[in-house]
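Reading through the structure tokens given below for one structure.
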Amino acid sequence: LQYAGKCFKQFNSDRLPETPSIYQASIETHMRKLVDLCFGEYKQNFESIVQIDREKVADQHSDLILKALQIYKNSKKMGDDKIDALFRNKLEQKIIDSYKSWCVRIEDNKKKIEIVVDNMQKKLKMEHQVQLKIKMEAKKEAEERIEIKQQKRREYEIERIKRYRQIPSRK
């Protein structure tokens, strides 16, 4: 709605916006495609390094940037040096933003992993304590059963001795 409102205001005013020439539009389209091509190459190389060893990404990142910029430099371009510099800066900024975004995601993932590991360690510790408690209860129960058996045996022996004493001797 805002865009439509701006269009109505612009067309109702006395002067109309300048439209780029076909040549200018062609230059922009060509240069955007070139930037996308170079960025795609960077992204592909980046992903292959990430799959092999994430620890080497920081070391090899500058090489990846140089490769992408070399592709940009060696490609045919349209327009003057000003346009060339503008789109080169756009390519560099796109690469830098992508790398920063990746670094932020990695840091977030590391934090999440640390939280998960911490939670797992807490759960394992709690489970270990529960297991110890169960073992202690089982040991206590076993000791009580043994004590009950010994008590019954003592009572039986006492009864047996009493019965034996009650039997008249056969002399």
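The values are calculated or read from the model by the stated rules, or taken from the named source; none is laboratory data. Because the structure is predicted, anything quoted here is derived from the model rather than measured. Don't worry about glycine lacking a Cβ; one is built from the backbone with ideal geometry, like all the others, and counts go over all protein chains shown. These accessible areas exclude ligands, DNA and RNA; they are computed on the full protein's heavy atoms, side chains included. Shrake-Rupley method; radii C 1.70, N 1.55, O 1.52, S 1.80 Å.
Annotations
- If you go through region 78-119 and keep only what is part of a helix (DSSP H, G or I) and among the aliphatic types (A, V, I, L, M), you end up with ILE83, ALA85, LEU86, LEU91, ILE95, ILE96, VAL104, ILE106, ILE113, ILE115, VAL116, VAL117.
- If the condition is being closer than 26 Å to ARG88 by Cβ and modelled with pLDDT of 75 or more, then region 1-28 contributes SER21, ILE22, TYR23, GLN24, ALA25, SER26, ILE27, GLU28.
- Members of region 111-122 found to be open to solvent by 100 Å² or more (accessible area, probe 1.4 Å) and not aliphatic (A, V, I, L, M), listed by number: LYS111, LYS112, GLU114, GLN121, LYS122
- Residue, farthest from VAL35 (Cα to Cα), within region 94-107, restricted to residues that are open to solvent by 70 Å² or more (accessible area, probe 1.4 Å) and either in contact (Cβ under 8 Å) with a residue 60 or more places away in the chain or of a type outside the set (A, V, I, L, M) (or both): GLU107
- Among the residues of region 9-28, the ones that are among the aliphatic types (A, V, I, L, M) and either part of a loop (DSSP other than H, G, I, E, B) or open to solvent by 60 Å² or more (accessible area, probe 1.4 Å) (or both) come to 2 in all.
- Test: residue in region 123-138 that is of a type in the set (D, E, K, R) and exposed (fewer than 10 other Cβ atoms within 10 Å of the Cβ): no
- Residue satisfying condition, being open to solvent by less than 90 Å² (accessible area, probe 1.4 Å) and in contact (Cβ under 8 Å) with a residue 12 or more places away in the chain, within set ALA85, ALA68: ALA68
- Leading residue by the ranking (nearest to LYS94 (Cα to Cα)) among those in region 29-65 that are loosely packed, with under 12 Cβ neighbours inside 10 Å and of a type in the set (A, V, I, L, M): ALA58
- Residue check for ILE22: over 30 Å from CYS7 (Cβ atoms) and either among the aliphatic types (A, V, I, L, M) or touching a residue at least 40 places away in the same chain (Cβ under 8 Å) (or both): no
- Checking ILE146 against (1) among the β-branched types (Val, Ile, Thr); (2) surrounded by 10 or more Cβ atoms within 10 Å (Cβ to Cβ); (3) more than 57 Å from the chain's Cα centre (by Cα), the condition it does not meet: (3)
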